[in-house]
1. Pairs only if they're at least six apart or on different chains, beta carbon under 7 angstrom, first in the stretch 87-111 and farther than 16 Å from M174 by Cα, second away from ligand 2 (no atom under 16 Å from the Cβ) and among the charged types (D, E, K, R); list them, first residue then second.
2. Can you go through Q143, Q155, Q126 and tell me which one is modelled with pLDDT under 95 and either small (G, A, S) or away from ligand 1 (no atom under 16 Å from the Cβ) (or both)?
3. Please enumerate the residues belonging to the stretch 353-363 that are under 25 Å from T217 (Cβ atoms) and of a type outside the set (F, W, Y).
4. For residues in the stretch 1-31 being farther than 20 Å from V222 by Cα and among the polar types (S, T, N, Q), which is farthest from the chain's Cα centre (by Cα)?
5. Yes or no: D58 among the charged types (D, E, K, R) and in contact with a His (Cβ under 6 Å, 6 or more places away or on another chain)?
6. With respect to L170, determine if the residue is at pLDDT 95 or above, within 16 Å of ligand 1 (Cβ to nearest atom) and surrounded by 12 or more Cβ atoms within 10 Å (Cβ to Cβ).
7. How many of the residues making up the stretch 15-53 are within 16 Å of ligand 2 (Cβ to nearest atom) and charged (D, E, K, R)?
8. For the stretch 43-68, give me each residue that is in contact with a helix residue (DSSP H, G or I) (Cβ under 7 Å, 6 or more places away or on another chain) and in a helix (DSSP H, G or I).
Amino acid sequence: MISNFRFAIVSDLHVACPHTIWNHPNRFHLVEVSIPALESVLEHLTQLDIDFLLLPGDLTQHGEPDNHAWLQQRLAKLPFPTYVVPGNHDVPVLKGNQQSIAFADFPYYYRKFGYSEPEKCYYSCQVLPGVRLIGLNSNSFNQRGEQIGRLDNEQLLWLEEVLATATDELILVMIHHNVVEHLPNQSHHAIANRYMLDNAAELLQVLRRYKVKLVFTGHLHVQDVACSQGVYDITTGSLVSYPHPYRVLEFHKDKYGRQWLQIVSYRVESVPAFPNLQQTSRKWMGDRSFPFLVKFLTLPPFNLPLEEAQTLAPNLRDFWANIASGDAVFDYPHFPAQIRHFFQKYGAIAACGTPSFIDNNSTLLLG
Ligand SMILES: [Fe+2]
Ligand SMILES: [Fe+2]
């Protein structure tokens, strides 16, 4: 097996060619920057001599054929291989409509980017000697035709087969929805649970059985590294929302056979139309966060009455931007004790109670 390699992750690109951009006053995503931000990242990655690039879904604004076509043409020009999986925004409908491609068409756009067998929406491929990437589809449709984040049984069975025959390889899994919680009680939170894979527990069981340690996700638009009983879920924030991050990762096997993964995160600092992208985008998010914060405060565990939620919300203007940045520590000493305590739990505090800043830059010992 190769003992050193380097790859990058760019997530939730939400590519929107100018003629496809929706005009909606409360739009949370700064899709205006999708293409210039991506170009700036690609320029950087081209200089770094990476072995491959991973895009864990939400490649497009909302599954528009023009945006998928633009992206696949752009990726075809890159000097390194790229692999994608679909996000909920890439395949929002089972049958194509005026706006979006049909679910089954997705792999045909990305035949060169993982889907060499485009009749399936998932794949396994050897990306380097002894390194296998498994791209999973987490988008399913319930009986009413509504989109849900769930891994179907067909994929779970297939995954078991692949892992059973790939025991000598390092396995990297890429899937759009989160498989380990990145926020307190994420699986049961009325707003945050939609970012988790419905049957994450089933997938984790299979991964643990075969000692798979690395899963790369997106969807939450937050920089976070979480671990559950040996499985790391490394989720990367969105290129179109604050802090416009991307990651470069370096795998290394030392002379004792120990495997290390070094993670370094970068941010897109500016694009031509937004010279102060970091400040503008942080303000953009703060300006739009009030309704979300009020709802958040009325839900468990806070359960505040609406009036109190509306009073506290302005204090939390930058709360979500700080969550999205990763490695944040929260304290609101003037809040009621119980509320203050709940907010502290959103900080980067390890189980032992001390801060643990591993979301953006860290080195993980994989074993
Ligand atoms: Fe997204
Ligand atoms: Fe998503």
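The values are calculated or read from the model by the stated rules, or taken from the named source; none is laboratory data. These figures come from a predicted structure and were not determined experimentally. Cβ atoms come from the backbone with ideal geometry, glycine included; neighbour counts cover every protein chain shown.
1. Hits for this filter: G96/D105; A102/K95.
2. Q143
3. Selection gives P355, S356, I358, D359, N360, N361, S362, T363.
4. Per the stated criteria, the residue is S3.
5. Criteria met by D58.
6. So L170 does not fit the description; no.
7. 1
8. D66, N67, H68
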